[in-house]
Amino acid sequence: MDPNQQAEQEPQKATGANKYLQPYKSRWKILLDNFLGGLAWSFGTFVGLAILAMAAGYFVSKINLIPIIGTWVAQILQDATSKVQMPVQ
């Protein structure tokens, strides 16, 4: 292939990708893309952390530490509710 012909064909290769390489023409397009990207990121983070919390809860429930933790939390709740129910003078 002649080098001149190769140089002529290179710009034709870039035209297909040119639409992806051009900067955005509108600020609204930039804002919309970033807003939607942020929503998708936060939704994915929320779902991922929920799955991790469920898995951690499942594995912790299989360990026998839960009754110890449960009685400790029950004591805290009992103390808190007894102080709330006391009449204020």
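The values are calculated or read from the model by the stated rules, or taken from the named source; none is laboratory data. Please read all numbers here as calculations on a predicted model, not as lab measurements. Cβ coordinates were reconstructed from backbone atoms using ideal geometry, including for glycine residues, and neighbour counts include every protein chain displayed.
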With the condition kept exactly as written, say whether any residue in region 14-28 is aromatic (F, W, Y), outside any loop (DSSP other than H, G, I, E, B) and either surrounded by 10 or more Cβ atoms within 10 Å (Cβ to Cβ) or at pLDDT 80 or above (or both). yes
Qualifying positions in region 55-67 - of a type outside the set (G, A, S), at pLDDT 70 or above and surrounded by 10 or more Cβ atoms within 10 Å (Cβ to Cβ): V60
